[in-house]
Every structure is written in structure tokens, then in C-alpha cells.
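Asker: Take this structure, written in C-alpha cells, and hold onto it; I'll ask about it next.
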Amino acid sequence: MRKVDGDVIRRWRRRGFYSESVLVKLLQKHGYNAVRVPVSNPSANPLPDVIARRELHVYAFEVKNASYYAYFPKSQIEKLFRFLDELVPIPNQYKHPVLAAHLGKKWIFREISWSAWEKGKLPEKARIIKRDRGNFNLKTG
């Protein structure tokens, strides 16, 4: 069994914390009420990394920090939908599950459709590459 370097894990977790904190500030700058969820973790709990609200809309973000591409496993995408479905009692048109990739100085956002969740057609993993264009704009929500 390979010994895991504790310093490597701490650096990896700090990177995630940093990106989540930067996203909260970015959202607030664009008129959202936003908080980082400090207990978000790789457990079965349906908690996103960041929760935001603007007017009637609620956003659940899964955040990744990478240099060129970010992968989001199906289990993490499902947690966004579970959180919004089970804990936010408003119509789905106002609930937004969003993948957020922090790639250097660039952010790319991809909102996942409710129809994919409802039809059981979520991808096994979603990938965002630095050259991608997102389908979610912070200014317009």
C-alpha cells in the first residue's frame, strides 16, 4: 500500500478552499448572495461547495481548481441535484446546478439541465477544458 503524503493532500485541499472563496467573492461582486459550504466533502451528503441566491433563483456550485481541464464525477453532479431537489422548496425553473472550473485566472461555468437529471441521463463524468465556453453567465444568471 502506498503512503499518502499529508502535505500533498493539504495543498490540494487549500487549492479547493481558495477557489471556493474566490468564487464567493466573484458572485457577490455580481449581485449574488453567496456562501461557501465549509462542510462540503466527498461524502454522501448532498452539499454543494458554494450556494448562491439572486432574486428568486438559487444556485448550487461544484467547484474545481485545475490548470487546463477539470473533471466532475457523476456522484458530485448528483449531489447538486439532490441538494436543490430535497432542500430548496421552489420550482425547478429557479434552481440551478452549476459546475465551476477555475482554470488559472479563467472561470468556466456549465449549468446542467434538469431534464438530464429527471430522465436519469447524467453523464458518468463531466469535463470542462480551458478552451471551452460555458453555458452560464454570472452577469445574466
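The values are calculated or read from the model by the stated rules, or taken from the named source; none is laboratory data. Small disclaimer: the values here were computed from a predicted structure and weren't measured. Virtual Cβ from ideal backbone geometry, glycine too; neighbours counted across all protein chains shown.
Asker: Do the conditions hold for ILE51, that is, is it hydrophobic (A, V, I, L, M, F, W, C) and more than 12 Å from the chain's Cα centre (by Cα)? Don't jump to the end; show me each part of the working.
Answerer: Details: hydrophobic (A, V, I, L, M, F, W, C): yes; more than 12 Å from the chain's Cα centre (by Cα): no.
Answer is no for this residue.
Asker: Related question: Could you grab me the full set of residues in the range 38-65 that are at pLDDT below 90 and either closer than 21 Å to TYR94 by Cα or in a strand (DSSP E or B) (or both)? Steps first, answer last, please.
Answerer: So the first thing to find is which residues in the range 38-65 are at pLDDT below 90, and the list is 38-46.
Correct list: PRO46 only.
Asker: Among the strands (runs of 3 or more DSSP E) contained in the range 75-141, which hold 1 or more residues that are more than 17 Å from LYS64 (Cα to Cα) and either of a type outside the set (Asp, Glu) or touching a Phe, Trp or Tyr at 6+ places or on another chain (Cβ under 8 Å) (or both)?
Answerer: On the way: elements: 95-103, 106-111, 125-129.
The qualifying strands (runs of 3 or more DSSP E) are 95-103.
Asker: Here are some residues: GLN76, GLN28. Which one is surrounded by 11 or more Cβ atoms within 10 Å (Cβ to Cβ), polar (S, T, N, Q), at pLDDT below 95 and out of contact with any His (no Cβ under 6 Å at 6 or more places or on another chain)? Steps first, answer last, please.
Answerer: Numbers: GLN28 fails: at pLDDT below 95.
Only one candidate qualifies: GLN76.
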